[in-house]
Structures are given as structure tokens and as C-alpha cells.
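Colleague: Starting off with a structure, shown below.
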Amino acid sequence: MNTAAAPKKIAVIGGGPAGLMAAQTAAEQGAEVHVYERKASVGRKFLIAGRGGLNLTHAEPMADFSTRFRDRSASVSAWLTGFDNTAVREWAHQLGIATFVGSSGRVFPTDMKAAPLLRAWLKHLRALGVHFHVNHRAVAFVDDRQLRLQAAEGEIIVRADAFILALGGASWPQLGSDGSWRDGLFPEGLDIVPLQAANCGFEAVWSEFFKDKFAGTPLKPLRMRLAGSGTEGVQGECIISEYGIEGSLVYALSADIRETIARDGRCTLLLDLLPDHDSARIVAAAGKPRNGRSLSDFLRRHFKLSGVKTALLYELTDRQQLADPQALARLLKALPLTVSAPRPMAEAISTAGGVALPQLDDRLMWRRHPGLFFAGEMLDWEAPTGGYLLTASMASGRCAALGALDSPAG
């Protein structure tokens, strides 16, 4: 007589990277895994994020990598012990996707594309026996082991030994992550930190001339810091937009900028337009006679200053300041730009806030409701771009799956 226990049934709600990694982890351990996705296909945000080159992770040492998550670094580090940046590359290689490390330390597939990796991943998941159910929207839990979903054929009830919720934040809602899970999906008592835009652009006031001529133009190289921060800031590039400023350099500081605006109503950024020139050299050059040349021509000849940087000087200062060599030198190294508000969450790359971590155990299970696990961006943490967000999301999915596998069956 065969008395072997039936495999544990695990339902993953949400088909993004966190949910798919949870599904893979559970299926590899022999669980019966079902993935429920509200859209017509899984991995939509994964695909869109990879349009400009899929940044999988970052190759820096884990001692540095683990500090990128601000006040949630300790919690996220625990997830990363089971799935770190090296593991991300090994995972991709096992799927037949080679990777390389770019000059900035970011890791990409060799072809820079997301679609081949997602196809290989889904093929692997199906080979493991993972069942996919698209166009299924979670409605509400009946109890800790039963969930109502709305499907094309009507409402259904799914029973599972454990549920892993990986429903995303509220950025790019057209792809499925609209934050609607905050309203009535879960039993009462779930502590949710308000969602906010993260890795987003910020609003600044431009003249019509500057906006019309330079919107969409990159600023590079550039060093940026918050006024009064006492740090050297971050070097990289960003983009002038119609509404203000955006891009990877802005995203790296977005949490600090957002918090400053929340506290003070605005934030002043100091832009180093010549990050590769020391102040002494700039002061010496700025004091040289111009011999009838315009300031634009003078700056181009001495510093190779681009047209957009020169225009930004004119936009944010007055002619009297620029006529003073000492003032000009200071402005080239610390040009103040005031931003007043983050752009809406729907435009952000990711969101901060979400399910508060203290109410979850170290396997991301809600202590008050055994069998309910959380993963990915719907948790209260945030990360800068550069592969940190994707790596930690996948790591949280793996962590939750291991917890679900160990939890008692219903």
C-alpha cells in the first residue's frame, strides 16, 4: 500500500519575478505549484524593464550590495543569503543565457534582451510542472487556505496549503501592479505602509525656451548631491524632462529627495557640471580673460562644457553671477536646482512602502495567518536601480517559497 504523502499544493498569486522565482523554488522541491496572474501573460513588467537592456543584478561585493536597501538592509540581506548577485548570474546561465558585467558593474544578458530569458524561464517552469492560470484576479480570502479569484468563466475558489502573494507595488499599473490588493483582499489587521513613488523623476520649473529646446537631452557626466548632505554625492547621468529631471542618477538619490520634500516642501540639488575637474583648476581657468568670446564659447573651449550644461547655467542663475569668475567657478561645481515634488506613482519604476515587515516572520509569513506569505515589491522596502530591485525581489520569492514548503499543510 502506498502511504506517501501527497505533494504540498502552493498557490503563487502574481506572475512577476518574485512570483516566478517562488514558483521555481517550490516546484524544484516537488510541490504542486499553481501561478495565478491577473493579466493575459506573466512577466510583463520584466519585459518592459528590459527594453533598454535588461539589468539583472550588480556585480559589486555583497558587503556593499547589501547596504543598498536603506533602513531595510538587514531584512533584505537575510533574503540575499539564499540568492545573491552571483546566484542570479548562475540562474541565468543555467537557463542558457550568458551574461556580462558592464563598465558600471551592472550585469546584463549578452544580447541585452529580456524576452529570450523570460521564454527560457517559462519553459523551465513548465518542465517542472508549474501550472499557469492567466486572467485570474484575486478577490478575497475565504480563510487562510482558500482564496476567491475572478476568472473568465466566473468566480472560483482555490484551496492551497500555502499562498505566496507577489502582487507588486503600484508603479506601471497598466502592467498589472496597481496596488489594488490594499483594498479588501486580505483578512483584517494587515499593517500596510502607504505606497510612494520610488526610482522616479522630480518636478522643477523650466522656462518655455529651455523646456522646448532641451527636454529629452541627457546631462552627462554629472555629479549630484543634496544641499546640506555633507557627502560627495553620486556621479552618473540624468535627463532633462518637460516636467523637471529624471534618469538613473536621480533614481539613485530618489529616496533622500522624496523624504526631504516631504519634510521641507522642496529639495535643493547641487549639480557638479564638471565632475572630472578639480575646483582649483576651474577657479584658475574662470579668471582668464575671455578676449571677446561669449561665455558659452569660453566654457566650451576651456572645459568642453556641452550646450545643455551651459544653458542650464543660464536657466538657474543670473548674468551678474556668471560675470564673476569666483561665482562662476562655484556654480560649475555646485549649481543649485530646486525640485518640488516626485512624479506620480504610475510613472515610477518602482514603489516604496507596502506590507510592513515586522508582522512577518523570517520566511515572510504573516504570523497571524499561517500559510500566507508575501514576496517582492508589495513588501515595505525599496532599492535603487542597477539590478538591486530585481535581485532582491527574486530572493524574497525564494525565501517565501522555502517558508511555504516548511509550513504545516492545511
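The values are calculated or read from the model by the stated rules, or taken from the named source; none is laboratory data. Computed from a prediction, not measured in an experiment: that's the story for all the values here. Note that we place each Cβ from the backbone using ideal geometry, even for glycine, and neighbour counts take in every protein chain shown.
Colleague: Please go through the range 13-45 and give me each residue that is under 18 Å from Ala404 (Cβ atoms), in a helix (DSSP H, G or I) and either touching a Ser or Thr at 6+ places or on another chain (Cβ under 8 Å) or not acidic (Asp, Glu) (or both), ordered by number.
Modeller: Residues satisfying the conditions are Pro17, Ala18, Gly19, Leu20, Met21, Ala22, Ala23, Gln24, Thr25, Ala26, Ala27.
Colleague: Can you report the number of residues in the range 348-372 which are under 19 Å from Leu389 (Cα atoms), touching a Phe, Trp or Tyr at 6+ places or on another chain (Cβ under 8 Å) and of a type outside the set (A, V, I, L, M)?
Modeller: Qualifying residue count, the range 348-372: 2.
Colleague: Would you mind finding the one in Ser177, Ser207 that is hydroxyl-bearing (Ser, Thr, Tyr), out of contact with any Pro (no Cβ under 8 Å at 6 or more places or on another chain) and at pLDDT 95 or above?
Modeller: After applying the criteria, what remains is Ser207.
Colleague: Restricting attention to the range 60-75, does a residue exist that is in contact with a Phe, Trp or Tyr (Cβ under 6 Å, 6 or more places away or on another chain) and buried (at least 24 other Cβ atoms within 10 Å of the Cβ)?
Modeller: no
Colleague: Can you tell me which condition Gly230 does not meet? The list is (1) touching a Pro at 6+ places or on another chain (Cβ under 7 Å); (2) modelled with pLDDT under 95, and all the others hold.
Modeller: (1)
Colleague: Given the conditions (1) over 24 Å from the mean Cα position of the chain (by Cα); (2) within 30 Å of Leu147 (Cα to Cα); (3) basic (Lys, Arg); (4) surrounded by 15 or more Cβ atoms within 10 Å (Cβ to Cβ), and given that Lys333 satisfies all but one, which numbered condition is not satisfied?
Modeller: Lys333 satisfies all of (1) over 24 Å from the mean Cα position of the chain (by Cα); (2) within 30 Å of Leu147 (Cα to Cα); (3) basic (Lys, Arg); (4) surrounded by 15 or more Cβ atoms within 10 Å (Cβ to Cβ) except (2).
Colleague: Those residues that are of a type outside the set (A, V, I, L, M, F, W, C) and crowded, with 19+ Cβ neighbours inside 10 Å, I need them from the range 186-202; list them, please. Walk me through how you get there before you give the answer.
Modeller: Start the filter on the range 186-202 by keeping residues that are of a type outside the set (A, V, I, L, M, F, W, C), which leaves 187-189, 191, 194, 196, 199, 201.
Correct list: Gln196, Asn199, Gly201.
Colleague: Please specify each residue of the range 356-387 satisfying the condition of being within 10 Å of the chain's Cα centre (by Cα) and surrounded by fewer than 24 Cβ atoms within 10 Å (Cβ to Cβ).
Modeller: Within the range 356-387, Pro384, Thr385, Gly386 qualify.
Colleague: Are any of the residues in the range 388-400 in a helix (DSSP H, G or I), within 21 Å of Ala160 (Cα to Cα) and within 15 Å of the chain's Cα centre (by Cα)?
Modeller: Yes: one or more hits.
Colleague: For the range 349-361, indicate whether the set of residues that are assigned to a strand (DSSP E or B), under 17 Å from Lys220 (Cβ atoms) and among the aliphatic types (A, V, I, L, M) is non-empty. Reasoning before the result, please.
Modeller: Our first condition is that a residue be assigned to a strand (DSSP E or B); within the range 349-361, this holds for 350-355, 360.
Those left that are additionally under 17 Å from Lys220 (Cβ atoms): none.
No, that holds for no residue.
Colleague: Show the residue pairs meeting these rules: Cβ distance below 6 Å; 6+ apart or different chains; first residue within the range 39-56 and assigned by TED's automatic domain parsing to the domain that holds Trp172; second residue surrounded by fewer than 24 Cβ atoms within 10 Å (Cβ to Cβ) and of a type in the set (S, T, N, Q).
Modeller: Sorted first by the residue in the range 39-56, then by its partner, the pairs are Ala40/Asn135.
Colleague: Does the range 92-107 contain at least one residue that is among the aromatic types (Phe, Trp, Tyr), under 18 Å from Leu390 (Cβ atoms) and in a loop (DSSP other than H, G, I, E, B)?
Modeller: No; the residues of the range 92-107 include none that is among the aromatic types (Phe, Trp, Tyr), under 18 Å from Leu390 (Cβ atoms) and in a loop (DSSP other than H, G, I, E, B).
Colleague: Would you pick out the residues in the range 222-260 that are touching a helix residue (DSSP H, G or I) at 6+ places or on another chain (Cβ under 6 Å) and assigned to a loop (DSSP other than H, G, I, E, B)?
Modeller: Glu242
Colleague: Looking at Ile48, Ile10 in this structure, which one is under 17 Å from the mean Cα position of the chain (by Cα) and outside any loop (DSSP other than H, G, I, E, B)? Even if it seems obvious, please write down each step before you answer.
Modeller: Details: Ile10 fails: under 17 Å from the mean Cα position of the chain (by Cα).
Residue meeting the stated conditions: Ile48.
Colleague: Answer with yes or no whether Gly129 is among the small types (Gly, Ala, Ser), over 21 Å from the mean Cα position of the chain (by Cα), under 26 Å from Pro7 (Cβ atoms) and in a loop (DSSP other than H, G, I, E, B).
Modeller: Spelling it out, Gly129 is indeed among the small types (Gly, Ala, Ser), over 21 Å from the mean Cα position of the chain (by Cα), under 26 Å from Pro7 (Cβ atoms) and in a loop (DSSP other than H, G, I, E, B).
Colleague: Also: Within the group Ala18, Ala27, Ala31, which residue is of a type in the set (Gly, Ala, Ser), under 20 Å from the mean Cα position of the chain (by Cα) and at pLDDT 95 or above? Even if it seems obvious, please write down each step before you answer.
Modeller: Values: Ala27 fails: under 20 Å from the mean Cα position of the chain (by Cα); Ala31 fails: under 20 Å from the mean Cα position of the chain (by Cα).
When all the criteria are applied, what remains is Ala18.
Colleague: If Pro336 satisfies all but one of (1) in a strand (DSSP E or B); (2) under 26 Å from Pro187 (Cα atoms), what's the number of the condition it fails?
Modeller: The failed condition is (2).
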